[in-house]
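Here is the structure we will look at.
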Amino acid sequence: MRTSSCRLNFVFFLMGLLYIGCTDHGPQTNAPQVTTGNMAVINPDLFRFAVNLNEFTAEAIKEFGVVYSVQYYDVLKAAFTDKPELGWSKILFTDSPSNALHTKDVVAPATSFFRIYYRAYAVLNNGSTLYGEVKSYQQDKSERAILEFVGVPKLAKPYHAGVILLDLGQKPIKNFGVVYSYNTAANQAIKSVPTIADKSIKFSYEKVKIPVGGAGIGFLLDNLADNSINEIYVRSFVEYTDGAIDYGRYIGHAKK
């Protein structure tokens, strides 16, 4: 009986040690998190950005806010990235970095653009930087194909042209290309907003596939016979299978 009793006491002793070992680690903490909130358009000139901070200890954050990059319809207007970090444009939040949702209204970084890529960030006092997920806002909500002319037209042969497909849209494409209007002397008429009724270069989308967001395609305005011109306007167009036509937002222009 004494042996059995000692064994039982020893088992209870071990169980007590295991219980203490399992419970004596103190409170568990989660890793700090920076979450990107959705950008809101208050009006065309005012945007609202949001940052959500979670699981940060007091005095852990040196600064926080949003980094962003703007992609324009004129793709050569400025460099952009779809993964912005510090070093690109930033919006610094100045309120206390508490564990909460923070918002800031700012003047719109641009009033005419294709897309804004943005994400939240927090610089910690230990020198490290945390980022939230990348989000984007596209200004054009029409679900049309977005094809844009690239660069600045030349005023002498060879007349190079190029287009880039930024968004395929929801409607099936039949043809795409560029339309243009030009003159060879300053006193001649010219259209600053050319349409399909003017001169054009057209490609079948079925035969000439153009990748979305890629390098685009280049070609020559080989139906332009004049060796030199005084002024020219060029813009892209997309023709759908239902006969409707959409034009690019950017118009390339050159003049002597």
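Read-outs: derived from the displayed coordinates by stated rules, not from any lab. All figures in this text were calculated on a predicted structure; none of them were measured in a lab. Neighbour counts are summed over all protein chains in view; Cβ atoms, including those assigned to glycine, are modelled from backbone coordinates with ideal geometry.
Table for the structure above
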| quantity | calculated |
| --- | --- |
| Backbone N within the stretch 35-70 under 13 Å of label point (7 Å from K135 Cα along the Cβ vector) | 35-42, 48-53, 66-67 |
| Base-10 log of normalised Debye intensity for the stretch 50-103 (one unit scatterer per alpha-carbon) at q = 0.17, 0.21 Å⁻¹ | -0.63, -0.81 |
| Å³ per residue enclosed by the Cα convex hull of the stretch 58-184 | 155 |
| Folded to 0 to 90 degrees: helix 2-23 orientation relative to the chain principal axis, Cα | 30 |
| Base-10 log of normalised Debye intensity for the stretch 146-255 (one unit scatterer per alpha-carbon) at q = 0.14, 0.24 Å⁻¹ | -0.52, -1.38 |
| Förster radius 51 Å - calculated FRET efficiency between A197 and V107, Cβ distance, rounded to 0.05 | 0.85 |
| Derived scalar couplings ³J(HN,Hα) [the stretch 201-218; Karplus, 6.51 cos²θ - 1.76 cosθ + 1.60; whole Hz; x for Gly, Pro] | 10, 10, 10, 6, 5, 5, 8, 10, 6, 10, x, 7, x, x, 7, x, 9, x |
| In sequence order, calculated HN-Hα J values of the stretch 175-189 (Karplus, 6.51, -1.76, 1.60; Hz; x Gly/Pro) | 9, 8, x, 9, 10, 7, 9, 8, 9, 10, 8, 5, 8, 8, 5 |
| Segment K77-V212, length gained on full extension (0.36 nm per residue, minus Cα span) | 46.7 nm |
| Cross-link partners of K104 among lysines (Cα-Cα below 22 Å; sequence separation of 8 or more within a chain) | K62, K83, K90, K135 |
| Where Cα atoms sit under 26 Å apart: lysine pairs in the stretch 146-255 separated by 8 or more or lying on different chains | 25 |
| For the stretch 33-138, with +1 on Lys and Arg beta carbons and -1 on Asp and Glu, the positive-most of L130, H102, F80 along the dipole | F80 |
| Rounded FRET efficiency, nearest 0.05, which uses the C-beta distance separating T241 from L46 and R0 of 45 Å | 0.70 |
